[in-house]
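Encoded as structure tokens, the structure appears first; notes follow it.
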Amino acid sequence: MNEMNDNDLLRVRLRFIDLVKSFFVGEPDAEKMSRWRGTFSALTKERISPRFDSAVLEISRALGKKNLQDLQAEYYYLFTDPFKGAQIESNASFYFNGRSYGEALVNMRQLMNEAGLVKSDDVHEPEDSLVMMLDTFASLVEEEKIESTAKIKELQARLLEEFLNPFVEKFTTQLKNNQQCDFYYLCCRVLGGYLDLEKSLVA
């Protein structure tokens with residue numbers, strides 16, 4: 001990734017952030033599944049990093065075996081089921097502070113405030129949810145299109161080091177221990193592999 005020019009690299013980063021975010025934004029549909037199959041099939045031919053390449057190969061194989069109903073059922077079980085309750089929490093406070101809406105949420109709001117970012121009124125998830133943290137990271141990458149400053153890089157690094165990386169590590173462990181969520185465990189492995197690549201870019 002470092003061999004690309006700056007504009008190309010920014011575009012690739014934003015596409016990857018959008019890709020990993022798409023796992024967790026709503027239930028999978030036919031369009032998403034087709035996109036995932038095509039993207040990961042193409043990525044299996046690339047060599048990016050050992051950790052990322054391994055995760056890409058495994059999720060590509062899984063997408064070849066599973067159907068849309070399998071993925072929808074797993075998503076529903078993990079994140080939606082109103083009767084049994086969602087099986088997996090997806091906010092940093094739960095993993096860092098032992099409860100939702102904890103200190104991690106306050107700290108995430110502070111980081112967004114420093115970046116001049118405000119959550120849209122039509123977004124109902126807390127700022128420390130995985131989807132919102134990825135949205136915030138994408139916004140900070142977008143800022144580089146206008147002006148790449150030390151402040152923007154610092155905020156990206158803090159978001160990775162203080163929130164995304166430790167959250168994804170704990171989130172992945174929860175999914176690994178849940179025998180009914182093998183696909184979303186692989187999604188987290190892809191996410192973790194990608195964040196590894198980002199660490200080298202914001203250092």
Residues of the range 121-151 being without any contact (Cβ under 8 Å) to a residue 40 or more places away in the chain, under 16 Å from residue 201 (Cα atoms) and hydrophobic (A, V, I, L, M, F, W, C), which ones?
140, 150
When (1) over 23 Å from residue 63 (Cα atoms); (2) open to solvent by less than 10 Å² (accessible area, probe 1.4 Å) are applied to residue 157, the one that fails is (2)
Some residue of the range 181-191 being out of contact with any Cys (no Cβ under 9 Å at 6 or more places or on another chain), surrounded by fewer than 19 Cβ atoms within 10 Å (Cβ to Cβ) and not acidic (Asp, Glu)
no
Entirely in the range 66-162, the helices (runs of 4 or more DSSP H) that have 2 or more residues that are more than 25 Å from residue 30 (Cα to Cα) and either in contact with a Leu (Cβ under 9 Å, 6 or more places away or on another chain) or of a type in the set (Ser, Thr, Tyr) (or both)
92-97, 103-115, 130-146, 150-158
Residue list for the range 121-133, filter: open to solvent by 40 Å² or more (accessible area, probe 1.4 Å) and under 19 Å from the mean Cα position of the chain (by Cα):
123, 124, 125
Within the range 43-73, the residues that are in contact with a Phe, Trp or Tyr (Cβ under 7 Å, 6 or more places away or on another chain), closer than 22 Å to residue 195 by Cβ and touching a residue at least 24 places away in the same chain (Cβ under 8 Å) are 52, 56, 59, 62, 63
Give just the number: which of (1) open to solvent by 50 Å² or more (accessible area, probe 1.4 Å); (2) in contact (Cβ under 8 Å) with a residue 24 or more places away in the chain does residue 169 not satisfy?
(2)
Can you name the residue in the range 90-120 that is open to solvent by less than 30 Å² (accessible area, probe 1.4 Å) and without any contact (Cβ under 8 Å) to a residue 40 or more places away in the chain and, of all such residues, is farthest from residue 161 (Cα to Cα)?
102
Within the range 1-42, the count of residues that are under 19 Å from residue 199 (Cβ atoms), among the hydrophobic types (A, V, I, L, M, F, W, C) and in a helix (DSSP H, G or I) comes to 8
Residue list for the range 176-196, restricted to those being modelled with pLDDT of 95 or more and either basic (Lys, Arg) or touching a strand residue (DSSP E or B) at 6+ places or on another chain (Cβ under 6 Å) (or both)
189
Inside the range 43-55, can you point out the residues that are open to solvent by 50 Å² or more (accessible area, probe 1.4 Å) and not in a loop (DSSP other than H, G, I, E, B)?
50, 51
Considering (1) open to solvent by less than 50 Å² (accessible area, probe 1.4 Å); (2) more than 17 Å from the chain's Cα centre (by Cα); (3) touching a residue at least 12 places away in the same chain (Cβ under 8 Å); (4) more than 19 Å from residue 137 (Cβ to Cβ), say which one residue 87 fails and leave the rest.
(1)
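The values are calculated or read from the model by the stated rules, or taken from the named source; none is laboratory data. Predicted model only: the values in this text are computed from it and were never measured. Every residue, glycine as well, gets a Cβ built from its backbone with ideal geometry; the counts of neighbours run over all protein chains shown. To get the accessible areas, we keep the full protein, side chains included, count just its heavy atoms, and leave off ligands, DNA and RNA. Shrake-Rupley method; radii C 1.70, N 1.55, O 1.52, S 1.80 Å.
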